[in-house]
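Everything below concerns the one structure shown next.
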Amino acid sequence: MNHMVFGNYLPGHSWLHRLHPTGKIVSLILLITWTLLANNWANYAVLALVILMLVKLAQVPFRMLFSSLKPFVWLIAFTVLIQIGFGHGGTTYWHWGIFNVTSVGVTTAGLIFVRFLLIIIVAMLLTVTTSPNAIAKGVETLLMPLKKVGVPVAMIGIMLSIALRFIPTLLTEMQTIMNAQRSRGVVFNGGSLWQRARNVLSLIIPLLVSAFRHADNLADALGASGYDASQPRSSYYQYRWQRLDTMAFVLVLVIGMIVVGLRGV
C-alpha cells in the first residue's frame, strides 16, 4: 500500500496502536493545544521532533503520511499567502497598495505553516493508529459524565464512528468523479471564476447524491440488523487502561511544560 487517504486506519501492533483510545484522544487534544501555544522556532522544533518520533513509532512510512496531506495543501497555502501579503512589522521587503511583505509577516507565515502541518499530522496519527470503533468508544467514554444530564452519548459515538468510516470512501469517490468529469472535458483549475464555480458544482452534486445513497444503504443495514440506539451496546473488545497509557500521558504533559517554558525564549 503506497497511498493513504486521510481518515484511513492502518492495522498494526505498534506502541501507538496499543494505547487506550480515550488516552490517545486526550493526548491529541493536548498536543494540538501545545502546538497552538507555541510561539517561536524553539517550541516548534521540540514539537516537530516529538511528532516525527511518534510517526516512526507508529510504523507508518513518511511517504504515505505526507502523501495524505495533499487535500490540505490549498488551505495551508492560502493561509500562508494571506499572512505574507498583509504582514506588518520588521523590515519591509515589498509594498504595493494594500499588500505589504515584511520580515515579521514572513516569519509568522513560516510558523503558521509549521503549525498547520503538525496539527494535521497529529490528527492523522490518531486516525491511522486507532480504528473508527475505538475512536467512537474513546469519545463515548470521555462524554460519559454528560449522560447523566440526558446527552445521547452512545448516539454521538456511533455517529462519529460512521463519519470517520466514510471519510476515505467519500474522498475516493470524489477523486473518481473528478476523473470522470475531466474525461468529459471539465477543467477544475482553469477558466473564469464563473466557469470554475460551475465545474465545482458538477463535482458537488454527484458527491452529495453518493453520500445520500450511502446513508440510505447504511440505514437499511442497521434496520435489518435490529439496531436500536436507545438500547445499551456491548463491545467485543474491552479497552483497559495500562501502565503504558500512563507513561504516554505523562510524556505529553512533560512536552507541554517544555513548550510553555520555551515560550519566552
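The values are calculated or read from the model by the stated rules, or taken from the named source; none is laboratory data. Please read all numbers here as calculations on a predicted model, not as lab measurements. As a convention, Cβ positions derive from the backbone with ideal geometry for all residues, glycine included, and neighbour counts pool all protein chains shown.
Here are the numbers:
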| item | result |
| --- | --- |
| Residues within region 248-265 that are surrounded by 12 or more Cβ atoms within 10 Å (Cβ to Cβ), at pLDDT 90 or above and over 22 Å from the mean Cα position of the chain (by Cα), tallied | 1 |
| Test: residue in region 186-202 that is surrounded by 12 or more Cβ atoms within 10 Å (Cβ to Cβ), hydroxyl-bearing (Ser, Thr, Tyr) and not assigned by TED's automatic domain parsing to the domain that holds Ser67 | yes |
| Selected residue (criterion: surrounded by the most Cβ atoms within 10 Å (Cβ to Cβ)) from residues of region 62-111 that are of a type outside the set (A, V, I, L, M, F, W, C) and within 30 Å of Thr172 (Cα to Cα) | Ser68 |
| Every residue from region 46-82 that is of a type in the set (S, T, N, Q) and at pLDDT 75 or above | Gln59, Thr79 |
| Extreme residue, surrounded by the most Cβ atoms within 10 Å (Cβ to Cβ), among residues of region 155-174 that are touching a Gly at 6+ places or on another chain (Cβ under 7 Å) and over 18 Å from Thr22 (Cβ atoms) | Pro168 |
| Residues satisfying the stated conditions in region 44-70, i.e. in a helix (DSSP H, G or I) and touching a Phe, Trp or Tyr at 6+ places or on another chain (Cβ under 6 Å) | Leu57 |
| Test set (1) touching a residue at least 60 places away in the same chain (Cβ under 8 Å); (2) small (Gly, Ala, Ser); (3) surrounded by fewer than 18 Cβ atoms within 10 Å (Cβ to Cβ) - Gly138 fails condition number | (3) |
| Residue satisfying all of: in region 169-197; at pLDDT below 75, closer than 22 Å to Phe72 by Cα and not hydrophobic (A, V, I, L, M, F, W, C); farthest from the chain's Cα centre (by Cα) among these | Gly190 |
| Residue satisfying condition, being more than 30 Å from Phe212 (Cβ to Cβ), polar (S, T, N, Q), in contact (Cβ under 8 Å) with a residue 24 or more places away in the chain and in the same structural domain as Ala38 (by TED's automatic domain parsing), within set Thr108, Thr102 | Thr108 |
| Selection status of Thr127, of a type in the set (Ser, Thr, Tyr) and in contact with a Gly (Cβ under 9 Å, 6 or more places away or on another chain) | yes |
